[in-house]
Amino acid sequence: MRLSLNTGPANATEIFSGPTVFQDLNDWLEKGCSRQDPAFILADSNTRAFCLPHLLSLIPSLQNAVVLEMPPGESVKSIDSTIQLWAELAGKGASRRSLLINLGGGVITDLGGFVASTFKRGIPFIHIPTTLLGMVDAAIGGKTGINLGNIKNQVGTFYLPEAIFIYPAFLGTLSEYELHSGFAEIIKIALVADSELWQKLLLLSWQDLLHRRTDQGLEDLIYNSVKIKCRIVEQDFKEMNLREILNFGHTIGHAFESLSFKKNSTPISHGHAIALGMICEGYLSGRKTGFEAGDRDVLTRMILSRFKYFPIQKKDADLMMDTMVHDKKRRESESRFTLLKEPGNAIPGIVCNPDEIVESLEYYKTLGKE
Ligand code: GLY
């Protein structure tokens, strides 16, 4: 399957997906074979061990590529790793005609994209996402970034990869925890932009998907989600307005995520946090943008049947409010949210005051008593 994301005359990404995607990659690399300079592959230690051997066995022309390895985890999305990678690229002869291949989940594609977009004022790069979150969201749309202290994605660029190759069989090696992050983004994209996909998700058995994860069913879900995201990004590449709808669930979701980091030795996954954030922001949608109570209840039940309830106390809600004060989506002193009018129809930039946000956390707390 093939898609194209076009944000301007000289700004496009070709997206290939499916079991024969490495044949597409081979053909794509051959077309660019005038590129004589060394190619680089950025991987973390997991994707180096589990995905790189497969890639190299199918694409012999990459045998000579220089492999850059990072430890796994969010902490490598830092300026220190960026400097290290710039230095490795420079030291190993990278030029503006070198290709950087990012093989990994969202951390690797965000970091690798940022390094490529800034090294020598920008070198070409491609993504081979290896997680469901990467396939349906992080790798798609040209956002690159690193974290600044505790604040995620504070520094970054909008810079499109030349191509993206989605190989669903990589999902066979993922834990259920990692798959959840991708599932949450698929739920989000349906809620903000496609009511038909939302209806389909309501009927899907996720246990089946988890057990037959390399099936056509999951591949179609990935393809549909990517197509919808491309349609949004094409209209608003630099996130001036419409693209903000992709942040549904994320403001309160990030507050859940950072609370769980503070409280637990095994924090909840990003996707789990975003899913819980969607419950609260679904509540705010009822208060502010006419989202019907019946739809809100369906959303809440759908999420709680797939993601575990994470209990919060009064002091936790206070900590979450503190986190939201630092949210990068705030303009001036206001908190702005993307809220739903109905499933498949979202409105960005709705201002909610602190009392309304606290009320949404109160609503969330009542769900723990059910
Ligand atoms: N992950 C949200 C976006 O790409 O805009």
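The values are calculated or read from the model by the stated rules, or taken from the named source; none is laboratory data. Given the structure is predicted, the values throughout are model-derived calculations rather than measurements. Note that we place each Cβ from the backbone using ideal geometry, even for glycine, and neighbour counts take in every protein chain shown.
What to note about this one:
- Among the residues of region 111-155, those that are within 15 Å of the ligand (Cβ to nearest atom) and touching a Cys at 6+ places or on another chain (Cβ under 8 Å) comprise I140, G141.
To keep it simple, each residue is scored yes or no on (1) crowded, with 20+ Cβ neighbours inside 10 Å; (2) at pLDDT below 85; (3) more than 16 Å from the ligand (Cβ to nearest atom).
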site	(1), (2), (3)
Y177	no, yes, yes
Q199	no, no, yes
Q207	no, yes, yes
E239	no, no, no
L242	no, no, no
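- Flag if Y283 is closer than 22 Å to L191 by Cα and under 24 Å from the mean Cα position of the chain (by Cα): yes
- Subset of region 76-99 [charged (D, E, K, R), farther than 16 Å from S117 by Cβ and in contact (Cβ under 8 Å) with a residue 12 or more places away in the chain]: E88, K92
Okay, residues lined up against (1) in contact (Cβ under 8 Å) with a residue 60 or more places away in the chain; (2) within 12 Å of the ligand (Cβ to nearest atom); (3) surrounded by fewer than 17 Cβ atoms within 10 Å (Cβ to Cβ):
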position: S225; (1), (2), (3): yes, yes, no
position: R231; (1), (2), (3): no, no, yes
position: N247; (1), (2), (3): yes, yes, no
position: E257; (1), (2), (3): no, no, no
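- Test: residue in region 52-63 that is touching a Gly at 6+ places or on another chain (Cβ under 9 Å) and either surrounded by 15 or more Cβ atoms within 10 Å (Cβ to Cβ) or touching a residue at least 12 places away in the same chain (Cβ under 8 Å) (or both): no
- Flag if T7 is within 24 Å of the chain's Cα centre (by Cα) and modelled with pLDDT of 95 or more: no
- The condition of being at pLDDT 95 or above and on the phi > 0 side of the Ramachandran plot holds for only one of G286, G277, G253, G249, that being G249.
- Each residue in region 1-29 was checked for being out of contact with any Ser or Thr (no Cβ under 8 Å at 6 or more places or on another chain) and in a helix (DSSP H, G or I), and 7 pass.
- Within the option set M302, M278, M321, being of a type in the set (A, V, I, L, M, F, W, C), surrounded by fewer than 23 Cβ atoms within 10 Å (Cβ to Cβ) and closer than 24 Å to D137 by Cα holds for one residue only, M302.
- Only helices (runs of 4 or more DSSP H) whose full extent lies in region 152-247 are considered here, and the ones with at least 3 residues that are in contact with a His (Cβ under 9 Å, 6 or more places away or on another chain) are 176-193.
- Any hit, region 95-112, residues being over 20 Å from the mean Cα position of the chain (by Cα), over 22 Å from L160 (Cα atoms) and of a type in the set (D, E, K, R): no
- Conditions (1) in contact with a Phe, Trp or Tyr (Cβ under 8 Å, 6 or more places away or on another chain); (2) more than 20 Å from E196 (Cα to Cα): number failed by G282: (2)
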